[in-house]
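Read through the structure below, which is laid out as structure tokens, and then see the notes.
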Amino acid sequence: MSWTGTSVRRKEDDRLVRGRGLFTDDELEPGMLHLHILRSPYAHARIVRIDTSAAEALPGVACVLTGREVAAQCDPVMQLGPPPCDKIRDLPMAVDKVIFQGEPVAAVAADSVALAEDAAALIDVEYEMLDAVVDAEDALSDRSILHEAAGTNRTWQGVYEYGDVEGAFRDAAFVVRIPRMQFHRFASTPLENNACIAEWKRQGGVDFLCNNSFPGFAQQLLAPGLRLKADQVHIRTYDVGGSFGNQIWNYVYMAVAALVSKKTGGRRVKWAETRSEHLLASGHGNERTYLDTEVALDREGVITAVRSRHIDDCGAYTRYEPLGCVIWSQVLAATYKVRNLRIDFTQTVTNKCPVVPNRGYSRMQQLWFMERIVDICAHELGLPADEMRLKNYITQFPYETPNGCVYDSGDYPAMLTRAKELIGWDRWQKECAAGRKAGRLIGIGIGTTLDSGTNNFGQARIMNPYLPFSGNSEVCTMRLDLEGAVIVCLGTTPSGQGHETAASQVAADVLGIDPSMVHVRPGFDTAWNTFVGHSGTYASQFAVTGLSAVHGAAQKLKAEMRRLAAYMLEAAEEDLEFGTGAQGPEVRVKGTDKAINYWYMANLVNNNNALLDASLADVTLNVRHVYRPPFKVPDTERKFGNLTLTYAAQLHIAVVEVSRETCRPQILAYAAVDDCGTLINPQIAHGQVHGATSHGIGAAIMESLDYDESGNLLTGTFSDYCPITALNLPDIAWGNIETPSPFTYSGAKGMGEGGGAPLHTMSAALQDALHGAGVIVTGSHHPAPRLFEILQKPNRAEAVSVERRGGKQARR
Amino acid sequence: MSTTEAGGRIAIEVTVNGTRHRREVEPRLLLVQLLREDLRLTGTHIGCDTTYCGACTVIVDGEPVKSCTMLAVQADGAEILTVEGLARDGELHPLQRAFSENHGLQCGYCTPGMLMSAHALLARNPDPDRKQIRKGIQGNLCRCTGYHNIIAAIDAAAAAMREGK
């Protein structure tokens with residue numbers, strides 16, 4: 001039997017359900033110091049004076065650290081972007097001025113968290129207020145500049161143009177114009193806040209236990225910042241309570257903790273962020289504004305060209321940015337076959353929390369944009385939403401997109417059919433039509449989306465041609481331990497995705513044994529475990545990068561075991577088979593009872609090697625495999641190349657009714673169909689789909705990080721941010737199709753981010769419900785107050801226009 | 001009875017998972033801090049600071065309580081059950097087993113609080129319908145699972161417990 005495709009019960013669960021996980025804050029030690037960070041109450045202000053004397057005098061306080069000391073001890077983090085980003089000085093603490101509410105201005109280490117907080121309250125900071133810019137277009141006017149040395153708030157600008165856009169508009173039967181749309185700011189907010197424990201070592205270097213989810217990258221940023229060699233930055237992770245990309249950049253706080261430890265002479269310092277701090281100053285998702293969008297269509301309703309201007313708001317610092325200015329182009333035209341596109345893309349800083357990768361990072365903003373275009377065009381041209389999609393879907397695979405990406409496989413029409421079956425499309429269509437006649441605000445909407453996985457880091461060069469990044473990799477080591485146990489170590493940093501389980505399934509399949517016989521050791525460790533620069537858990541890639549590394553390592557180990565067994569059993573290698581015998585895992589001569597078990601093989605190499613022939617001198621039963629996907633460096637001039645290896649797809653349908661009394665959107669039915677190629681562990685994949693769906697529904701109807709015009713965060717606690725609860729979610733009908741990827745050994749595609757499908761779907765369902773009321777859905781966030789406003793002032797007259805060029809009406 | 005000691009500390013006595021503990025605590029110490037830092041029961045997690053997420057839920061004298069919203073001194077004399085007290089003789093509680101079998105956890109950070117809320121729910125109502133289950137865990141956030149499999153797990157555990165498994 002094959003373990004791939006089987007819902008093996010997770011190995012991780014036993015410790016987690018018993019409360020025996022080890023999350024960073026669980027590490028306790030007498031004498032450990034606790035860190036509290038004093039943060040700016042203002043979004044933009046000069047720091048005139050800081051007086052820390054009262055705080056330092058408090059008994060139990062070990063030290064206070066300010067920005068000036070940080071600037072003296074630490075170098076600014078490398079900027080990824082081209083000029084003027086090189087002029088941005090990004091230190092882990094504000095020095096002369098603060099540029100977002102919550103930016104660290106001082107840190108206190110004390111014997112307890114409470115004492116550290118008490119001391120921080122005694123620090124006296126004098127600020128001189130500056131004008132805050134919180135709106136992206138306002139920021140681009142440069143009336144108030146965040147990074148003065150850069151001379152502008154604009155951090156990146158580029159034009160992505162493919163095909164014959166002018167020609168397509170000249171020949172269009174219809175041109176639909178949408179002057180403005182807006183994708184809102186939210187974050188997936190993992191339940192475990194950021195945390196780290198830092199210890200500056202006397203022999204030089206620093207040890208971290210933390211929950212960073214891309215430590216291979218963090219090490220490369222932290223080492224030069226802390227003036228250390230990379231190997232002196234020792235990063236460990238163990239259990240991580242969710243990440244969704246958000247935990248990629250907590251290296252900023254790791255640097256603060258390291259410098260505090262250094263100042264105390266090397267005492268261990270723990271920093272455990274509070275939820276309010278997390279919402280205020282951890283990392284938000286990218287906001288995006290879409291201006292002057294024009295869509296050309298032929299007389300059948302096939303989209304022939306799109307042109308638009310996009311402005312991305314990355315908050316106060318370009319930490320992982322401006323990578324988001326390229327990442328979106330992995331899904332340039334989403335699931336649609338339009339070949340003529342021109343997107344003028346600009347990014348700006350604003351006086352808000354910096355953005356970080358957030359589940360569906362930068363692609364979901366583009367996918368939402370394309371879905372809104374398709375959906376608004378359907379409604380304005382009177383075409384059924386499903387037909388409109390079927391006319392425009394890509395149907396041939398592998399498919400090379402206009403910008404050189406290769407969609408590996410897919411069947412979007414089949415997914416639509418399946419989702420329609422699951423939700424009862426025809427019945428709901430009738431009910432919606434009848435309901436609207438009776439005055440109900442009820443609609444049904446489709447959201448099609450992509451979860452592009454396994455990045456080609458070479459795409460970073462489209463953003464900045466001088467960046468020394470390309471390709472991708474992940475690593476696995478595997479050995480037969482002294483007593484013959486199969487031990488597997490990974491370079492990944494799972495935060496709930498079941499890597500220990502899936503890796504054991506893959507190794508078990510190669511060796512022909514049971515996954516319970518494979519021991520996957522959790523925990524990332526730059527000193528004692530294996531890793532590569534791309535190591536981590538992000539960007540929907542474990543099923544491809546991580547498991548290909550496991551698969552490769554298992555094959556290498558198997559090859560060594562086969563040579564060893566052939567020698568000892570005096571048999572030809574091709575006459576051997578792997579499996580489980582009476583004494584456990586073994587290699588045997590086919591059709592005989594001659595066998596050698598794992599213990600014996602391991603013992604031969606490790607304890608009893610005088611029995612071995614010199615021809616086996618290279619057999620160690622301890623192998624390492626690095627998987628590298630087949631990528632090339634993209635053509636940066638043309639902005640052309642294959643940017644991701646696999647394209648999982650999601651198709652959701654929702655039925656939504658807006659209450660006439662309360663304007664609350666209620667989901668009456670919801671279906672989600674997923675295609676992530678071959679399933680490794682169906683139960684885990686299913687769980688990821690549900691999780692991504694929950695995030696998207698939460699973001700669509702509840703969650704938003706709102707600022708006032710002075711840059712004060714208005715939704716700074718969970719009570720204000722309102723993460724979705726079990727009561728707000730409908731039952732979700734789940735379906736799956738499998739179009740195996742031709743580009744991976746197993747046919748699996750990376751998955752888990754989900755492409756923001758519910759955001760597109762909820763917008764489409766609301767469009768259907770509200771079109772009759774004169775509403776065009778141009779935003780991604782739909783809480784009751786917003787729906788109330790739009791119903792008071794329907795926007796159709798200014799939100800959309802349709803130019804008909806004498807051709808006949810698109811057919812119904 | 002609580003008594004104030006020198007240095008503003010207050011002596012309390014709590015029984016946690018069947019073991020009695022005496023401690024002298026700062027009046028401002030939260031119950032969750034007592035459990036995690038003093039008693040080293042780190043299975044009870046902290047996920048927010050506004051009593052919203054429920055990661056710190058424990059059972060105090062039979063009632064589910066968010067232990068970040070109760071002072072340790074308020075728990076003086078109480079019987080407390082935490083996630084570490086669910087398994088008996090190493091054997092998983094039916095709820096723990098059902099969470100694993102139904103993939104009711106991903107990162108596992110909300111899981112202890114979820115288990116304790118579910119435990120309280122099933123003590124009140126051994127046969128809840130799905131809506132009652134949703135209501136029973138409405139004070140517990142999960143950012144990974146979308147709740148679907150948690151609801152299925154509680155449903156399965158309830159059935160198993162009714163059958164005495």
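Some observations on this one:
- Filtering the range A:260-286 to residues that are away from chain B (no Cβ under 14 Å) and surrounded by fewer than 23 Cβ atoms within 10 Å (Cβ to Cβ) leaves A:K262, A:K263, A:T264, A:G265, A:G266, A:R267, A:R268.
- Selection from the range A:414-436 of residues that are small (G, A, S) and assigned to a helix (DSSP H, G or I): A:A414, A:A419, A:A433, A:A434, A:G435
- Sole exception among (1) in a strand (DSSP E or B); (2) within 30 Å of B:E37 (Cβ to Cβ); (3) in contact with an Asp or Glu (Cβ under 8 Å, 6 or more places away or on another chain) for A:W271, by number: (3)
- When A:V159, A:V165 are checked against the criterion of being in contact (Cβ under 8 Å) with a residue 60 or more places away in the chain and touching a Leu at 6+ places or on another chain (Cβ under 9 Å), A:V165 stands alone in meeting it.
- There is no residue in the range A:661-674 that is under 30 Å from B:D49 (Cβ atoms), aliphatic (A, V, I, L, M) and within 12 Å of chain B (Cβ to nearest Cβ).
- Selection from the range A:227-247 of residues that are of a type outside the set (S, T, N, Q) and within 14 Å of another protein chain (Cβ to nearest Cβ): A:Y238, A:D239, A:V240, A:G241, A:G242, A:F244, A:G245
- The requirement of being at pLDDT 95 or above, under 22 Å from A:P730 (Cβ atoms) and among the charged types (D, E, K, R) is satisfied by B:R130.
- Those residues of the range A:731-749 which are surrounded by fewer than 17 Cβ atoms within 10 Å (Cβ to Cβ) and more than 17 Å from A:D674 (Cβ to Cβ), in sequence order: A:P742, A:Y745
- In the range A:679-699, of all residues being aliphatic (A, V, I, L, M) and at the interface with another protein chain (Cβ under 9 Å from one of its Cβ atoms), the one that is nearest to A:S7 (Cα to Cα) corresponds to A:I684.
Residues are listed down the side, and each one gets a yes or a no for (1) farther than 30 Å from A:F169 by Cα; (2) among the polar types (S, T, N, Q); (3) at pLDDT below 95:
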site: A:M254; (1), (2), (3): yes, no, no
site: A:K270; (1), (2), (3): yes, no, no
site: A:R275; (1), (2), (3): yes, no, no
site: A:L280; (1), (2), (3): yes, no, no
site: A:E287; (1), (2), (3): no, no, no
site: A:T293; (1), (2), (3): no, yes, no
site: A:L297; (1), (2), (3): no, no, no
site: A:G315; (1), (2), (3): yes, no, no
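- Residue match in the range A:566-588 (condition: surrounded by fewer than 16 Cβ atoms within 10 Å (Cβ to Cβ), among the basic types (K, R) and at pLDDT 95 or above): no
- When each of A:R89, A:R49 is tested for being basic (K, R), modelled with pLDDT of 95 or more and surrounded by 14 or more Cβ atoms within 10 Å (Cβ to Cβ), the lone residue that passes is A:R89.
- Hey, B:H45 within 11 Å of another protein chain (Cβ to nearest Cβ), in a loop (DSSP other than H, G, I, E, B) and on the phi > 0 side of the Ramachandran plot or not: no
- Checked against the criterion of being over 29 Å from A:A617 (Cα atoms), in contact (Cβ under 8 Å) with a residue 12 or more places away in the chain and in contact with a helix residue (DSSP H, G or I) (Cβ under 7 Å, 6 or more places away or on another chain), the candidates A:T477, A:T493, A:T537 yield just one match: A:T493.
- Filtered residue count, the range A:195-228, keeping only those that are touching a residue at least 24 places away in the same chain (Cβ under 8 Å), surrounded by fewer than 21 Cβ atoms within 10 Å (Cβ to Cβ) and assigned to a loop (DSSP other than H, G, I, E, B): 6
- Answer residue from the range A:522-534, given it is touching a helix residue (DSSP H, G or I) at 6+ places or on another chain (Cβ under 9 Å) and part of a loop (DSSP other than H, G, I, E, B) and is farthest from A:Q688 (Cα to Cα) among those: A:A527
- For the range A:1-39, the set of residues classified as more than 30 Å from A:T678 (Cα to Cα), more than 10 Å from chain B (Cβ to nearest Cβ) and part of a loop (DSSP other than H, G, I, E, B) consists of A:E29, A:P30, A:G31, A:M32, listed by residue number.
- Strands (runs of 3 or more DSSP E) wholly inside the range A:91-166 containing at least 1 residues that are farther than 28 Å from A:A257 by Cβ: A:124-129, A:154-162
- Close contacts from the range B:139-156, counting a first residue that is over 17 Å from A:G698 (Cα atoms) and a second that is among the basic types (K, R) and at pLDDT 95 or above, with Cβ to Cβ under 6 Å and a gap of 6+ residues or different chains, come to B:I151/B:R130.
- Verdict on B:R36 being among the charged types (D, E, K, R), free of Cβ contacts under 8 Å to residues at least 12 places away in the same chain and away from every other protein chain (no Cβ under 13 Å): no
Rundown of residues vs (1) under 25 Å from the mean Cα position of the chain (by Cα); (2) among the basic types (K, R); (3) closer than 30 Å to A:E577 by Cβ, yes/no style:
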residue: A:S470; (1), (2), (3): yes, no, no
residue: A:S495; (1), (2), (3): yes, no, no
residue: A:I513; (1), (2), (3): no, no, yes
residue: A:F524; (1), (2), (3): yes, no, no
residue: A:F531; (1), (2), (3): yes, no, no
residue: A:H534; (1), (2), (3): yes, no, no
residue: A:Y538; (1), (2), (3): yes, no, no
residue: A:V544; (1), (2), (3): yes, no, yes
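- Options A:T289, A:T318; residue that is surrounded by fewer than 24 Cβ atoms within 10 Å (Cβ to Cβ), within 21 Å of A:G711 (Cβ to Cβ) and not aliphatic (A, V, I, L, M): A:T289
- Some residue of the range A:182-192 being at positive phi and at pLDDT below 95: no
- Among the residues of the range A:169-194, those that are crowded, with 23+ Cβ neighbours inside 10 Å, hydrophobic (A, V, I, L, M, F, W, C) and part of a loop (DSSP other than H, G, I, E, B) comprise A:F186, A:A187, A:L191.
- Single condition A:G755 does not satisfy, out of (1) surrounded by fewer than 16 Cβ atoms within 10 Å (Cβ to Cβ); (2) at pLDDT below 95: (1)
- Of all residues in the range A:623-637, exactly one satisfies the criterion of being closer than 21 Å to A:S746 by Cα and of a type in the set (S, T, Y), namely A:Y627.
The values are calculated or read from the model by the stated rules, or taken from the named source; none is laboratory data. The model shown is predicted, which means the values in this text are computed figures rather than measured ones. Note that we place each Cβ from the backbone using ideal geometry, even for glycine, and neighbour counts take in every protein chain shown.
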